[in-house]
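The values are calculated or read from the model by the stated rules, or taken from the named source; none is laboratory data. Source: prediction; values computed, not measured. Note that we place each Cβ from the backbone using ideal geometry, even for glycine, and neighbour counts take in every protein chain shown.
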Amino acid sequence: DTAVSQTPKYLVTQMGNDKSIKCEQNLGHDTMYWYKQDSKKFLKIMFSYNNKELIINETVPNRFSPKSPDKAHLNLHINSLELGDSAVYFCASSHLRTSYEQYFGPGTRLTVT
Amino acid sequence: AQKITQTQPGMFVQEKEAVTLDCTYDTSDQSYGLFWYKQPSSGEMIFLIYQGSYDEQNATEGRYSLNFQKARKSANLVISASQLGDSAMYFCAMREYTGFQKLVFGTGTRLLVSP
């Protein structure tokens with residue numbers, strides 16, 4: 001009974017390809033997030049959805065497009081992958097107004113060659 | 001804008017000793033939350049402890065305590081009786097309650113516990 005799950009855990013692909021990362025949470029949370037952790041371990045938020053509505057959209061290239069089909073799922077699609085996209089991508093979820101802790105998924109390590 | 005500073009890139013401690021990991025923050029909001037997360041070599045992000053800006057007492061969770069000094073804008077993590085399994089990256093983070101729960105992270109401190 002995993003709380004926040006991500007697939008795949010590892011993703012190796014070539015420059016120029018398009019790839020997707022999927023995230024699902026079974027905690028009943030109304031808000032989901034995507035964070036990027038770079039090679040220096042720095043974590044930065046990319047997007048957040050609340051009840052399927054985009055509420056946070058940090059300065060991220062247009063090649064990144066999140067999609068939330070329902071409250072329990074938040075996917076990240078990346079077009080025309082570049083070397084600099086190599087990172088670990090974390091999904092997280094929480095209740096927007098009633099809880100303080102964000103629960104993180106296990107992360108997806110993306111390597112672009 | 002929110003900012004978190006962790007000035008210790010690496011810390012070493014012997015098993016069973018206590019260690020303090022430093023964190024300072026900057027915000028213009030009166031209402032905010034401070035968090036510590038642990039990231040072991042396996043990569044997952046593990047929530048450790050939370051302190052709200054209006055909490056008068058320092059937060060404690062088992063061997064973890066948060067030394068909250070509001071006037072100094074510091075939220076140091078204290079790990080008592082270190083264990084080998086405590087070796088990991090530790091991240092301090094902050095969320096302003098006026099926003100959409102965006103967590104802003106520090107650069108992290110790598111803790112190594114030696115036998």
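Candidates are the residues of the stretch A:69-98 that are touching a residue at least 24 places away in the same chain (Cβ under 8 Å) and among the hydroxyl-bearing types (S, T, Y); the one that is farthest from A:K52 (Cα to Cα) is A:S86. For the stretch A:92-106, the criterion of a residue being under 16 Å from B:I46 (Cα atoms), among the aliphatic types (A, V, I, L, M) and either in contact with a Gly (Cβ under 9 Å, 6 or more places away or on another chain) or crowded, with 16+ Cβ neighbours inside 10 Å (or both) is satisfied by at least one position. Taking B:D29, is it within 14 Å of another protein chain (Cβ to nearest Cβ), modelled with pLDDT under 95 and not in a strand (DSSP E or B)? Considered against the rule, which asks whether it is within 14 Å of another protein chain (Cβ to nearest Cβ), modelled with pLDDT under 95 and not in a strand (DSSP E or B), B:D29 comes out as no.
Restricted to the stretch A:80-91, and to residues there that are surrounded by 16 or more Cβ atoms within 10 Å (Cβ to Cβ) and of a type outside the set (G, A, S), the residue that is farthest from the other protein chains (Cβ to nearest Cβ) is A:L81. Working only within the stretch B:48-63, note down all residues that are of a type outside the set (V, I, T), buried (at least 17 other Cβ atoms within 10 Å of the Cβ) and within 17 Å of B:G85 (Cβ to Cβ). Answer for the stretch B:48-63, where residues must be of a type outside the set (V, I, T), buried (at least 17 other Cβ atoms within 10 Å of the Cβ) and within 17 Å of B:G85 (Cβ to Cβ): just B:L48.
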